[in-house]
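In what follows, a structure is listed as structure tokens, so that the remarks can point back to it.
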Amino acid sequence: MKLPPGKIPIDILEKVVFKNLGVKRDEVVLGPSAGMDGAVIDIGSKSLVVSMDPITGAIERIGWLAVNVNANDVATFGVEPAFLLSCILLPEQSDSKTVETISLQMSNAANELGIAIVGGHCETTPGLVNPIVVGCIMGMAEKGNYVTAGGAKPGDKLVLTKSAGIEGTAILASDREKQLKNALSTEMLSSAKGFYRQISVVKDALIAFKTGGVHAMHDPTEGGITGGIHEIADASNLGVKVFNEKIPVQTETTEICKFFGIDPLQLISSGALLISAQPESAGEIVRKLAQKGVHAYVIGEFTDIMHGRHIVGKNGRARSLPRPTSDHLWKALF
């Protein structure tokens, strides 16, 4: 079976990857499973939250993205990211300037988030066309004081911060600028490139967690908003009802997606945060986020799994919530 670009399909993860995990250790509270953003390891009175992700579809700001995307995953546990290790893989003809650029990007991002870069690896790799940066970030919490993507409950409200397709918009505006110049105004293209500034959800996640009533959080990366919703539902074994008109999509994202013929709800969406919260807390979470300058919206609710997973259109008709086979960023890039 030929694999699609991007994330490995969930059925292969379950049939192959999750069945080959080495030895079992008592310290591992949460290991690899569908929809989870990271692992949890108990060490004494502390819980260590660990997450790893590569940056493969972007060239501009690759080091900055590697820090922020991994920090987001740790923050979705309600835990502050603290330590970073990285693996930088470079095309064979790379020079020292490339190493300096990526390293400086990573250091700047880490300084913004209070993260220490504690180790890693850097090499030139045969066969690469573009650089790849793999990041691993860790954070510490008091034992058990965190949430996971698998904690959503039937009746929970589904809250989304910011908007759909943030990271994909920034990547395409930067890496496909020449193509887009004839379709978007200079001002709109410049604004779209600036979406990188929205990619961190560390503040969003920590505010929501501290407000209370949060059962689960998830950073919708590859697969976009619809993929991220499925991942929470997978991890929590739930159904979901989502209202299409309540999902915010910024104008820049809409226009870029029209140009490439892709769905903004299936476009990589780092920068947005999905929150599953008890109904009586959802409004307060939205208000607390707004006070800190983060727009948030209730876009649906989780249901019992027997009710399925649906997205409701403006006409009130429900259809199955799409599960992306591959992020639509790859469709645009290819």
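The values are calculated or read from the model by the stated rules, or taken from the named source; none is laboratory data. Since this is a predicted model, take the numbers as computed values, not measurements. Note: ideal-geometry Cβ built from the backbone for every residue, glycine included; neighbour counts use all protein chains shown.
Out of region 30-49, which residues are aliphatic (A, V, I, L, M) and out of contact with any Asp or Glu (no Cβ under 9 Å at 6 or more places or on another chain)?
L30, A39, V40
Does region 105-139 hold any residues that are in contact with a Leu (Cβ under 7 Å, 6 or more places away or on another chain), closer than 20 Å to E80 by Cβ and crowded, with 16+ Cβ neighbours inside 10 Å, and which are they?
A110, I115, I117, G135, C136, I137, M138
I'd like the full set of residues that are within 24 Å of W330 (Cα to Cα) and not aliphatic (A, V, I, L, M), limited to region 1-32.
K2, P4, P5, G6, K7, P9, D11, E14
Please specify each residue of region 9-31 satisfying the condition of being of a type outside the set (G, A, S), surrounded by fewer than 14 Cβ atoms within 10 Å (Cβ to Cβ) and not in a helix (DSSP H, G or I).
V16, N20, L21, V23, K24, R25, D26, E27 - these are the residues of region 9-31 that are of a type outside the set (G, A, S), surrounded by fewer than 14 Cβ atoms within 10 Å (Cβ to Cβ) and not in a helix (DSSP H, G or I).
Going through region 296-334 one residue at a time, which ones are part of a loop (DSSP other than H, G, I, E, B), surrounded by 13 or more Cβ atoms within 10 Å (Cβ to Cβ) and not small (G, A, S)? Spell out how you get there, then give the answer.
Within region 296-334, the subset part of a loop (DSSP other than H, G, I, E, B) is 304, 308, 313-317, 321-327, 334.
Right, trim to surrounded by 13 or more Cβ atoms within 10 Å (Cβ to Cβ) and you get 308, 321-327.
Scanning region 296-334 gives L321, P322, R323, P324, T325, D327.
Given the structure, is V298 touching a Phe, Trp or Tyr at 6+ places or on another chain (Cβ under 6 Å) and in the same structural domain as S191 (by TED's automatic domain parsing)? Write out each step before concluding.
On the way: touching a Phe, Trp or Tyr at 6+ places or on another chain (Cβ under 6 Å): no; in the same structural domain as S191 (by TED's automatic domain parsing): yes.
No: the conditions fail for V298.
Yes/no matrix, rows are residues, columns are (1) in the same structural domain as A277 (by TED's automatic domain parsing); (2) more than 19 Å from the chain's Cα centre (by Cα); (3) not in a loop (DSSP other than H, G, I, E, B); (4) not aromatic (F, W, Y):
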residue: S47; (1), (2), (3), (4): no, yes, yes, yes
residue: F77; (1), (2), (3), (4): no, no, no, no
residue: L85; (1), (2), (3), (4): no, no, yes, yes
residue: T98; (1), (2), (3), (4): no, yes, yes, yes
residue: T101; (1), (2), (3), (4): no, yes, yes, yes
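Which ones in region 1-23 are in contact with a helix residue (DSSP H, G or I) (Cβ under 8 Å, 6 or more places away or on another chain) and at pLDDT 85 or above?
Answer for region 1-23, where residues must be in contact with a helix residue (DSSP H, G or I) (Cβ under 8 Å, 6 or more places away or on another chain) and at pLDDT 85 or above: just L3.
Considering only residues that are among the hydroxyl-bearing types (S, T, Y) and at pLDDT 95 or above, look in region 187-215 and name the one that is nearest to the chain's Cα centre (by Cα).
Of all residues in region 187-215, those among the hydroxyl-bearing types (S, T, Y) come to 190-191, 196, 200, 211.
Next cut, at pLDDT 95 or above only: 190-191, 200, 211.
On the way: S190: 23, S191: 21, S200: 9, T211: 21 Å.
That would be S200.
Going by the structure shown, is I275 closer than 21 Å to G35 by Cβ and not in a loop (DSSP other than H, G, I, E, B)?
So I275 passes the test.
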